Amino acid sequence: YVEGQSFNPSGMKVVMNCSDRDNEFEVTDYTYDDTTLTTDTTAVKVYATLKNNQECYTSVPISVTKKAVKKIEMTKSPDKSDYVEGETLNLDGAEFKVTYNDDTTEVINNKYLNINYLAGSALTTDDTKVTVTYGDGSVDVPVTVVSKQINSLAVINQPNKISYYVGESVNLTG
């Protein structure tokens, strides 16, 4: 069992032995502790009521493991995956599904994820992926980061002096 589950008696056969040990019969009208299992649960009590209304029980040993992440997958890519160096990561629009060791799944919010990227840090051209983890599961989110390109270069203010004689030093004041 995994913590959070309930005891499932399917396939269980309950047999009662009488004090004379020669009389054994199957009990089909039994009840059991129907509580949510925790990692501290080591047994479940099974109860039967005898014909004289005396109640008896036995314990069924079980083991319960901690609920853990089996895997995490990105089910929807972020709105943005292409960046220019210096921009910061933005996972808006991304959706992640977590599968646990009891095979239950849930979609988790980005705020619960651990991202191997310091929030507010600038992406570089060396970044090709960002690893997202939750519990023991992780998934890589691919990113493309391109170098900043100079689109144009323009002189906005002309220097005061723009004519020179050969050998004269250039003065860019102005």
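The values are calculated or read from the model by the stated rules, or taken from the named source; none is laboratory data. Nothing here was measured: the structure is a model prediction, and the numbers come from that model. Here the Cβ positions follow ideal geometry from the backbone for every residue, glycine too, while neighbour counts run over all protein chains shown. The area values use the complete protein model at the heavy-atom level, side chains included, leaving out ligands, DNA and RNA. Shrake-Rupley method; radii C 1.70, N 1.55, O 1.52, S 1.80 Å.
Along the stretch 146-160 the Karplus relation, 6.51 cos²θ - 1.76 cosθ + 1.60 evaluated at θ = phi - 60°, assigns HN-Hα couplings of 9, 5, 5, 10, 7, 8, 7, 9, 9, 8, 8, 10, 6, x, 4 Hz to successive residues, with x for each Gly and Pro. For Thr144 and Leu172, the FRET efficiency from 1/(1 + (r/R0)^6), where r spans their Cβ atoms and R0 equals 35 Å, is about 0.35. State the number of lysine pairs found in the chain whose Cα atoms come within less than 14 Å, restricting to pairs 8 or more positions apart or on distinct chains. Final tally of qualifying lysine pairs is 6. For the stretch 1-97, treating each Cα as an identical point scatterer without solvent, what Debye log10 I(q)/I(0) comes out at q = 0.11, 0.19 1/Å? For the requested q values the scattering log ratios are -0.56, -0.97. Name the most mobile residue of Pro61, Pro142, Pro78, meaning the one with the largest mean-square fluctuation, in a Gaussian network model of the chain with Cα contacts below 10 Å. Taking springs between Cα atoms under 10 Å, the residue moving most is Pro61. Across the stretch 76-117, the convex hull enclosing all Cα atoms gives 85 Å³ per residue. For the stretch 94-159, the alpha carbon convex hull comes to 132 Å³ per residue, rounded to a whole number.
For Asp126, the accessible surface of its heavy atoms amounts to roughly 130 Å² (probe 1.4 Å, protein chains only, rounded to the nearest 10).
In terms of overall dimensions, the chain has a Cα radius of gyration and Dmax of 34.4, 126 angstrom. Here the Gaussian network model covers the chain, with springs between Cα atoms less than 10 Å apart; of Asn160, Asn109, Asn52, Asn160 fluctuates the most. Net charge of the neighbourhood of Val44, taken over other residues with C-beta under 13 Å away and scored Lys/Arg +1, Asp/Glu -1, is -2. Within the listed set Ser152, Ser81, Ser121, the Gaussian network model of the chain (springs between alpha-carbon atoms below 10 Å) gives the highest mean-square fluctuation for Ser152. List, in order, the whole-Hz ³J(HN,Hα) value for each residue of the stretch 35-45 obtained from phi through the Karplus relation with A = 6.51, B = -1.76, C = 1.60 and θ = phi - 60°; use x for Gly and Pro. With coefficients 6.51, -1.76 and 1.60, one gets 10, 5, 6, 10, 5, 7, 6, 10, 7, 10, 7 Hz.
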